[in-house]
Structure formats: C-alpha cells, structure tokens
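Following: one structure in structure tokens, then a few remarks.
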Amino acid sequence: MAGVADDFGRARRRMVVEHVLERGISDPAVLEAMARVPRHLFVEEALEPRAYGDWSLPIGFGQTISHPFTVALLVAALDLRSGDRVLEVGTGSGYQAAVLGQLAANVLSIERVSGLAARARRNLDRARIYNVAVRVGDGTLGWRGEAPFDAVIVAAGGPEIPRPLVEQLAPGGRLVVPVGRTDEQVLVRVTAGSTGPVTEVLGDCRFVPLVGRFGFGA
Ligand code: SAH
C-alpha cells in the first residue's frame, strides 16, 4: 500500500482538491486513492517538484504521464469494486496502474515499450504497490490467458474500439477507451450487458496514440 507520510503530502492533497474534486469528480474512493499514491515517484527526479501540477509530464520514449484530472476521469468511469480484476493498456509511468491498484483486487497492465515497462515496475516497487503486474506487449489484443476482466482501461487513443478488449470483458464488465484521430478523441465506455455490449460517449479527450494491431499502425 502506498505511503502517506512524505514531503509531498500537502501538494498531493491540494492536487486532489483543486484538479480533481473542484473539476467535478467527487467519487470518494477515487479521491482517496489519488491522495494515497505518491505521484512524484512516477516521474524522473528532476521533475518531482512539478509532479502534482495540472499537467502531463514527459516520461521518456516520447510518452507522458497523464494529467491528474485525466486519470481521475478514466478511473471514475470504471466504477470499480474492491474485488475487481482490471486490465490496463498503456502502463506508461505506472501511475494510473497504482491508482487502480488502490481500488481493485488486481491489475494487469500491458505496455508496448519495454523500457517504460521496466521503469514502471521500478516506480511501483518504490511506491510499494504489489497488486499490479506489468507485461510487455500489444495491449490492443488484451490478454486472453488472463481474461475475463471486470474492467479494462486504455490510456492511449486509437481509431476504433479494439474488439478483443470487448470480448475479454466479464458479464457486467466496463471498458473505457479513447477513440478517434491521433490529435483528438472521444472517451467511450462499453458495458458488457446481458443483451450485448452497450456503448456510451463520455466526452472529448486527447491522448497519445494507441499503436498496435487494433490501434494505429506501428
Ligand atoms: N497511464 C499512464 C500514461 C500512459 S501514456 C501513466 O499513468 O503514466 C500511454 C502509454 O500507452 C504509453 O506508454 C505508450 O507506449 C502505451 N501504448 C500505446 N499503444 C500501446 C499498445 N498497443 N499496447 C500497450 N501500450 C501501448
């Protein structure tokens, strides 16, 4: 479980109030999870003082750690329960996976860039988060051997809803995925209902490209 007492505790509480709660996300479990996870451990040391601001930050390999608000929005849309098994596509720094790990039983996170996956593992260990497994691969294929999942979250924007991710949802499972062009997308939620998948559009968003078999070409 992530530690609470560190030099960034005040900055972290401020982040939760100003960049998440005051912008409309009030799910207490999500707020509490973000108040616990030491976000500064998921960026390089020189950027630590900026870790709790209202922005994304570079994490290497041309990728970014998402805005605090973006993480809150996606995670809240999953409506997680404590026993849930979650698949995350796009580990990046591991920060969002850490937040998911506070809310669900287990998180399996897939990252296509092996250098990022290795760093994310190290970041998660430093934050003492042990219910998140990180694997290298194309997350648009999901992870058939570990399916079904109660929730699937995609942290990169692709041209379509990756079909394997819908197929790997448990009954009642939720998939949250940004869909659209490389420069702008809409956030889509697919719920596996008893009469088939139900799709909702939650709003506009902007993510780095999802690259893979059911994403943009590599
Ligand atoms: N949620 C992350 C940020 C993710 S940025 C965080 O909290 O830091 C999006 C990540 O998705 C990048 O690291 C990128 O390499 C990865 N990605 C893009 N396409 C992917 C795919 N098909 N499978 C797995 N990861 C992918």
Practice problem: Name the residue, out of Gly173, Gly203, that is more than 12 Å from the ligand (Cβ to nearest atom), surrounded by fewer than 17 Cβ atoms within 10 Å (Cβ to Cβ), more than 28 Å from Glu45 (Cα to Cα) and in contact (Cβ under 8 Å) with a residue 12 or more places away in the chain. | Solution: Gly203
Practice problem: Hey, can you tell me all the residues within the range 102-123 that are part of a helix (DSSP H, G or I) and either modelled with pLDDT under 95 or away from the ligand (no atom under 11 Å from the Cβ) (or both)? | Solution: Gln102, Leu103, Ala118, Arg121, Arg122
Practice problem: Identify all residues within the range 156-170 that are more than 11 Å from the ligand (Cβ to nearest atom), crowded, with 21+ Cβ neighbours inside 10 Å and part of a loop (DSSP other than H, G, I, E, B); write none if there are none. | Solution: Gln168
Quiz item: Has the range 141-155 got any residue that is touching a Lys or Arg at 6+ places or on another chain (Cβ under 7 Å) and buried (at least 24 other Cβ atoms within 10 Å of the Cβ)?
Solution: yes
Quiz item: Are there any pairs, at least 6 apart or on different chains, whose C-beta atoms fall under 7 Å, with the first in the range 79-101 and part of a loop (DSSP other than H, G, I, E, B) and the second of a type in the set (Ser, Thr, Tyr) and surrounded by 24 or more Cβ atoms within 10 Å (Cβ to Cβ), and if so, which?
Solution: Thr91/Ser109
Quiz item: Take the residues of the range 41-69 that are in contact (Cβ under 8 Å) with a residue 60 or more places away in the chain and farther than 22 Å from Gly212 by Cα: which is nearest to the ligand (Cβ to nearest atom)?
Solution: Phe42
Practice problem: Take the range 184-200 and flag every residue that is within 15 Å of the ligand (Cβ to nearest atom) and either at pLDDT below 95 or in contact with a Leu (Cβ under 6 Å, 6 or more places away or on another chain) (or both). | Solution: Leu187
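The values are calculated or read from the model by the stated rules, or taken from the named source; none is laboratory data. Nothing here was measured: the structure is a model prediction, and the numbers come from that model. Methodologically, a virtual Cβ is constructed for each residue, glycine included, from the backbone with ideal geometry; neighbour enumeration extends over all protein chains shown.
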